[in-house]
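The block underneath contains the structure these notes are about, expressed in structure tokens.
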Amino acid sequence: MSALPSDAADEGLVPPAAETTAQVPEATPVPTLNLANLLTLSRLVLVPLFIAALFTGDGVDTTWRAIATGLFAVASATDQLDGWVARKYGLITDFGKIADPIADKALTGAALVGLSILGMLGWWVTIVIAVREIGVTLLRFWVIRHGVIPASRGGKAKTMAQIAAITAYLLPLPAGADPVRWALMGLALVLTVVTGVDYLVRAVRLRAAGRRVTGN
């Protein structure tokens with residue numbers, strides 16, 4: 001029973017909705033330009049600086065190889081940091097879900113191509129990884145109208161394996177370190193192929209589910 005006289009409501013002194021329900025505040029939208037996304041964009045900015053350092057001195061200058069490795073390590077660290085910031089402070093956006101893996105691919109792709117040009121890594125390795133990365137990116141855009149495919153745990157493990165392998169190749173290590181380099185790159189290749197197949201399956205399922213909802 002209302003605590004106000006019935007004629008008060010009749011005279012419009014109390015909005016009808018206010019008599020029974022309270023207004024629920026709308027969630028504040030997450031701005032696209034936030035710290036997590038800025039960290040992701042900084043990774044893209046570091047890519048040309050890394051490439052310039054890698055090719056300075058024809059890739060054999062120890063100092064510049066160390067600088068290139070440092071730039072690659074800093075850029076790679078932003079991959080972990082931007083995800084942590086986004087989750088901790090609620091800054092997850094669709095832009096970040098798309099830009100983050102693209103920034104990863106730009107960094108690792110530039111490193112792999114650079115190493116292959118310098119003759120430090122076989123082109124077949126770069127081609128296998130590049131085909132997978134480009135294919136996954138195209139899959140994301142293929143299903144984007146139905147939803148966003150976020151990076152999976154397997155995809156993150158693949159990225160970490162690639163980073164470890166590339167770092168081993170970038171470091172000016174003696175020839176005795178070659179077996180370690182091959183083992184790390186072999187693991188990266190296996191994870192690259194396996195997670196690529198996983199993304200394909202997820203994209204097909206997402207598209208099928210989206211088409212069932214929309215009827216298209």
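Thr195 fails exactly one of the following numbered conditions: (1) open to solvent by 50 Å² or more (accessible area, probe 1.4 Å); (2) in a helix (DSSP H, G or I); (3) closer than 24 Å to Gly96 by Cα. What is the number of that condition?
Tallying (1) open to solvent by 50 Å² or more (accessible area, probe 1.4 Å); (2) in a helix (DSSP H, G or I); (3) closer than 24 Å to Gly96 by Cα, Thr195 fails exactly one: (1).
Any residue in the stretch 136-143 that is assigned to a loop (DSSP other than H, G, I, E, B), farther than 21 Å from Ala77 by Cβ and touching a residue at least 60 places away in the same chain (Cβ under 8 Å)?
yes
Output the residues belonging to the stretch 75-131 that are open to solvent by 70 Å² or more (accessible area, probe 1.4 Å) and either of a type in the set (Ser, Thr, Tyr) or at positive phi (or both).
Residue satisfying the conditions is Tyr89 alone.
Quick check on the stretch 154-169. Is at least one of its residues open to solvent by 30 Å² or more (accessible area, probe 1.4 Å) and touching a Phe, Trp or Tyr at 6+ places or on another chain (Cβ under 8 Å)?
Yes, there is a match, as at least one residue in the stretch 154-169 is open to solvent by 30 Å² or more (accessible area, probe 1.4 Å) and touching a Phe, Trp or Tyr at 6+ places or on another chain (Cβ under 8 Å).
Quickly run through the stretch 31-60 and pick out the residues that are open to solvent by less than 60 Å² (accessible area, probe 1.4 Å) and either over 15 Å from the mean Cα position of the chain (by Cα) or β-branched (Val, Ile, Thr) (or both).
Hits for the stretch 31-60 are Asn34, Thr40, Leu46, Val47, Phe50, Ile51, Ala52, Ala53, Leu54, Thr56, Gly57, Gly59.
Can you name the residue in the stretch 93-114 that is free of Cβ contacts under 8 Å to residues at least 60 places away in the same chain and not basic (Lys, Arg) and, of all such residues, is farthest from Thr167 (Cα to Cα)?
Asp94
The values are calculated or read from the model by the stated rules, or taken from the named source; none is laboratory data. Every value quoted in this text rests on a predicted model; they were computed, and no experiment measured them. Note: ideal-geometry Cβ built from the backbone for every residue, glycine included; neighbour counts use all protein chains shown. To get the accessible areas, we keep the full protein, side chains included, count just its heavy atoms, and leave off ligands, DNA and RNA. Shrake-Rupley method; radii C 1.70, N 1.55, O 1.52, S 1.80 Å.
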